[in-house]
Every structure is written in C-alpha cells, then in structure tokens.
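The values are calculated or read from the model by the stated rules, or taken from the named source; none is laboratory data. Just so it is clear, the model here is predicted, and its values are computed rather than measured. Counting neighbours? That spans all protein chains shown, and the Cβs are built from the backbone with ideal geometry, glycine included. The protein model used for the area step is the full one, side chains on, heavy atoms only, and it has no ligands, DNA or RNA in it. Shrake-Rupley method; radii C 1.70, N 1.55, O 1.52, S 1.80 Å.
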Amino acid sequence: MRRTRRLLQEALVGLLVQRAYERITVQDVLDRADVGRSTFYAHFRDKQALFESCFDDLREDLRRELDALAAGGHEVQPDSPVRVVFEHADRHRALYRAMCGRRGETVATRYLHRTLVDSLYVHLDEVGTRYPAAIIAEYHGSALAGVLVRWIREDFPVDPATMARICRDLTAAGVTASLSDPSRHG
C-alpha cells in the first residue's frame, strides 16, 4: 500500500521536472510508475489528490522538524525556524525542484506558501504576539516562500545557513516588533 503510493508520488515528481503540471495526465503517471489505473484510483481520486499527497507528506515532515525545534528545550536562535525550512528544502531537493520549478510553479507554490504560513501561525500563536498572529504569519510566510522559491530556482546557490542569516537580517526588526508588546508586560 505505502510502496504503491510512493511509486505514484515519485512518478509525478519525475514528470514535473520534465513538463508542466497541466500537461501531465493520470496515464502518464501510471506509465511511469508501472501501476494499473484501478490501483491508482484505490489510492487517489485524481491527479490533484496525488499532487497534494506529495506536499502533505512534505508538509508533515517539515512540521515535525519545526515542532522538534520548539520542543527541544534549548534556546532557539532567531533564524532557527527559517534555517529548518531551508535545510528541509536542501535535503529534499528533487521534490522541491519539481514543486517549485517553472513547470509546477502555480500549483506548487500555492501549497508551499500555505504550508509556511500555517506552520508560522501555529508557532506565533503559541508565543503570543503584539499583532494578530495570522497577519504576521502571512507577511513572513509570503516573504519566506518567495525567497525559498527563488533559491530553489537558482539551484540552491548558497547553503541553508546562509539563506537563514539573510532572511534573519532582512526581517529581524519586524519580527522583534511583532513579538514585543510593552503593554503586555505592564
């Protein structure tokens, strides 16, 4: 069961590297994965559900890493969550390339954006913020998604730690301002 899902996901990712999402058919995926149509539909309702499953697995993996960082019991550096995102993309280059490359960009970047915003929101909501956590998460998640997609499209030109430092330097003042609320401690 799991093996078949993985084969179908890998087939779709491989095809995304070659052509636009819209030009890929279920039959293309079946041919590449060497899986029958009834087996495909036993796992997924359509191509979109298969695509989302690739991102769901990726999102859950990233969420686990961010949760582990928050629960680690040690002091978290300001760029740690962003570094985790870049390290995750670096470890899963093929999938991120397929998802964020020019051929899959519209569908994939929407899911990547939502993943980042949702993950940031959960963490911001837990620590408390000066401004609504949803707005802060949307702002920083959108910026991070844009930078991350660019980094991937440029074929990971610098290491994840450098990217995290760049993002930290660009956003540090805004993050600090959004987290601190003098009237809360009053």
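Considering only residues that are at pLDDT 95 or above and surrounded by 12 or more Cβ atoms within 10 Å (Cβ to Cβ), which ones fall in segment 12-34?
Scanning segment 12-34 gives Val26, Asp28, Val29, Leu30, Asp31, Arg32, Ala33.
Would you mind stating whether Ile136 is open to solvent by less than 30 Å² (accessible area, probe 1.4 Å), within 20 Å of Asp57 (Cβ to Cβ) and in contact (Cβ under 8 Å) with a residue 24 or more places away in the chain?
No; evaluated as a whole, the condition is false for this residue.
Can you say whether Glu60 is under 19 Å from Ala89 (Cα atoms) and open to solvent by 60 Å² or more (accessible area, probe 1.4 Å), as far as the supplied structure shows?
Criteria met by Glu60.
Step by step: first the residues of segment 1-11, then only those that are of a type in the set (A, V, I, L, M) and closer than 19 Å to Leu58 by Cβ, then the one that is surrounded by the most Cβ atoms within 10 Å (Cβ to Cβ). Which residue is that?
Per the criteria, the residue is Leu8.
Kindly establish whether Arg32 is closer than 17 Å to Asp56 by Cα and part of a helix (DSSP H, G or I).
So Arg32 fails the test.
For Arg110, state whether it is touching a residue at least 60 places away in the same chain (Cβ under 8 Å) and open to solvent by 80 Å² or more (accessible area, probe 1.4 Å).
no
Could you list, in sequence order, all residues of segment 149-163 that are in contact (Cβ under 8 Å) with a residue 60 or more places away in the chain, surrounded by fewer than 18 Cβ atoms within 10 Å (Cβ to Cβ) and in a helix (DSSP H, G or I)?
Ala161, the sole residue that qualifies.
Does Leu112 satisfy the criteria of being at pLDDT 90 or above and closer than 26 Å to Gln18 by Cα?
no
Tell me the residue from Gly146, Gly174 that is part of a helix (DSSP H, G or I) and at pLDDT 85 or above, please.
Criteria check complete, one pass: Gly146.
Going through segment 97-109 one residue at a time, which ones are at pLDDT 75 or above and over 12 Å from the mean Cα position of the chain (by Cα)?
Residue satisfying the conditions is Ala98 alone.
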